[in-house]
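A.B. asks: Sharing a structure here in structure tokens format.
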Amino acid sequence: MKPAPTGAVPDPEQGATGGSPAWELLLPAASAPARGRGRALQEALREAVRAGRLVAGTRLPSSRDLAADLGVSRGLITEAYEQLTAEGYLRAGRGSGTWVGEAVRAARPRARDLAPRSPGARVDFVPGTPDLSLFPRSAWAAAQRGVLAELPHQELGYPDPRGLPRLRTALAELLTRRRGVVADPERIVVVSGVAQASALLGLVLHARGLRTVGVEDPGSPQHEALYTSTGVTVVPVPVDEEGLAIEPLRASGVRAVVATPSHQFPTGIAYSARRRAELLDWARSVDGIVLEDDYDGDFRYDRAPVGALQGLDPEHVAYTGSVSKSLAPGLRLGWLLVPQAWAEEVVERKRTMDLGHPSLDQALFARFLEHGDYDRQLRRCQRAYRERRDALVAALAEHFPGAEVSGIAAGLHVIASLPARYGPRQRFLARVAEAGVAVRPLGHYGHADEEGGQDRGVRLVLGYAHVPPARIHEGVRLMAQAVRG
């Protein structure tokens, strides 16, 4: 039997001497250890039928010919044919040979990709994504090689659920220096991003009998989904020009609240000093806790970043952050700094959740911090994102006269308020979408849609970090052309 050229399609009328490329799939199985060779041949033949390499109606070689070509006993081939005939993969008739059966319709299963993707717009201003092309591949690869060369064997075992001491020490130094937190390495827990930190805090809240948590309104939709998944109900608390509104917070009855005080998402404000003090006074008065999400606290472009709230009262603030905006969200790497009274419960939850963050990833990031690579990456991102924010502000001024950009010069997004003549909002959004520009209105992030009026113009949350300056100008121009018709 001579194998057909690769890619040839078996002819259903071909006899045993015609051959098929599928027979080549059996060669590795024929070389398997004697004890498992029969099972290996059966599985290889079965997979060839499933994958369509042997299509329905293909005539197989005689057991004698196939055994000779593969260099195995005829009995193994006969047994394989009989087994697959019994299963329905093959069919045989007296004196008519063995054929691939008609019953097999299974195709090779395909793995779907459910990762969130860009909507495929010409220009995408949806906030929340950094520029992934800025990921420091060379420095990261160098750190990886160094870690693999120096990591002790024992550190490949189950880690401390809080994280490697080396990484927690490096994180404590970083957070103290850059964010002004009170960072005890013993109270830092390495987590898979802010999402896992929120889930851990939600589980502890639930275990303590707290069934509600306040969230900023408007605010990140992810907070609601994450805390709800732990059995804790979210209570929207309005945000005003200074931060979380304290009287509605008191009236809500919650004893825990999620806040983004350094750069509120999505309004872009920084909590005032007065409101920060009032928020901590509330936490003390109810024996409660503020869950501080410092999602982009390192990125301030007009002055030094405002320090984290946690530094003012470490026992009433749980602080969390990640590398999602500075390196890449796909690394799934973050930190949670908890009050002393919460530490034991959070660590135990982390232990039962995943037995600790991957040791290699932790050691790699620790080295990245120790060698100054992370500071260099932050400076690189700050330069790029500041340039893109400036480009967006300039483009809005050029193409939308009268537009106002609010919020502090920080982070990865701006709030753009367009004059009423560009409304109503729904018509604006429909026309912009038709032009191939993806945007999100401010109302998308609130429980109460305050933008429903027809005469209030349009307020947009525009992400810019992942959009090069030239594309920013193009996107704003396309929006302007679309709404002017």
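The values are calculated or read from the model by the stated rules, or taken from the named source; none is laboratory data. Only a predicted model underlies this, so the values are computations on that prediction, with no experimental measurement involved. Counting neighbours? That spans all protein chains shown, and the Cβs are built from the backbone with ideal geometry, glycine included. Only protein heavy atoms, including side chains, enter the accessible area calculation; ligands, DNA and RNA are left aside. Shrake-Rupley method; radii C 1.70, N 1.55, O 1.52, S 1.80 Å.
A.B. asks: Kindly report, to the nearest 10 Å², the accessible surface of Met479 as traced by a 1.4 Å probe over protein heavy atoms only.
C.D. replies: Counting only protein heavy atoms, Met479 exposes about 0 Å² to solvent.
A.B. asks: Something else about it: Sort out for me the Cα centre separation of the range 232-302 from the range 52-107, rounded to whole Å.
C.D. replies: 70 Å
A.B. asks: With charges set only on the Cβ (+1 for Lys and Arg, -1 for Asp and Glu), what does the dipole of the range 335-391 come to about its Cα centre, in debye to the nearest 20?
C.D. replies: Computed charge dipole of the range 335-391: roughly 420 debye.
A.B. asks: At 222 nm, what helix-only mean residue ellipticity would the chain give, in deg cm²/dmol to the nearest 500, using -39500 (n - 2.57) for each DSSP H run of four or more?
C.D. replies: Computed ellipticity for the chain at 222 nm equals -12500 deg cm²/dmol.
A.B. asks: Let me ask something else about it. Of Gly243, Gln264, Val204, which is farthest towards the positive pole of the range 202-269's charge dipole, taken about the Cα centre with +1 and -1 on the beta-carbons of Lys, Arg and Asp, Glu respectively?
C.D. replies: Most positive-ward Cα: Val204.
A.B. asks: Taking the Cα centre of the chain as origin, sum charge times position over the Cβ atoms of Lys and Arg (+1) and Asp and Glu (-1), and report the length of that vector in debye to the nearest 20.
C.D. replies: With only Lys, Arg, Asp and Glu charged at Cβ, the dipole is about 1320 debye.
A.B. asks: Rounded to the nearest percent, how much of the accessible area of the chain (1.4 Å probe, protein heavy atoms only) is carbon and sulfur?
C.D. replies: Ligands and nucleic acids excluded, carbon and sulfur give 51 percent.
A.B. asks: If packing is taken as the average count of other Cβ atoms within 10 Å, what order do 357-370, 35-48 fall into, highest mean first?
C.D. replies: 357-370, 35-48
A.B. asks: Which of the peptides 212-221, 335-344 is most tightly packed, and how do the rest follow, judged by the mean count of other Cβ atoms within 10 Å per residue?
C.D. replies: 212-221, 335-344
A.B. asks: I need the shape label for the range 305-384. Rule: rounded when a/c is under 1.5, else prolate if a/b > b/c, else oblate, with a, b, c from the alpha carbon gyration tensor.
C.D. replies: Oblate shape, in that a/c is at least 1.5 and b/c is the bigger or equal ratio.
A.B. asks: Put +1 on the Cβ of each Lys and Arg and -1 on the Cβ of each Asp and Glu in the chain; which of Trp335, Gln426, Ser138 then has its Cα farthest toward the positive end of the dipole?
C.D. replies: Ser138
A.B. asks: How do Arg179, Arg166, Arg208, Arg303 rank by accessible surface area computed with a 1.4 Å probe, from largest to smallest?
C.D. replies: Arg303, Arg208, Arg166, Arg179
A.B. asks: Report, in debye and to the nearest 20, how large the dipole of the range 131-273 comes out about its Cα centre when Lys and Arg carry +1 and Asp and Glu carry -1 on their Cβ.
C.D. replies: Roughly 460 debye for the range 131-273.
A.B. asks: For the chain, with the dipole built from +1 on Lys and Arg beta-carbon atoms and -1 on Asp and Glu ones, taken about the Cα centre, which of Ser359, His413, Pro61 lies farthest toward the positive end?
C.D. replies: Highest projection toward the positive end goes to Pro61.
A.B. asks: What are the DSSP H helices in the chain that stretch 15 Å or more along their long axis, judged by alpha-carbon atoms, and whose average Kyte-Doolittle hydropathy comes to at least 1.0?
C.D. replies: Helix filter hits for the chain: 193-207.
A.B. asks: I've got another one for you. At 1.4 Å probe size, with no ligands or nucleic acids counted, give the accessible surface of Val55 in Å², nearest ten.
C.D. replies: Here the accessible area works out near 50 Å².
A.B. asks: For Lys325, what accessible surface area do you get with a 1.4 Å probe? Give it in Å², rounded to 10.
C.D. replies: 40 Å²
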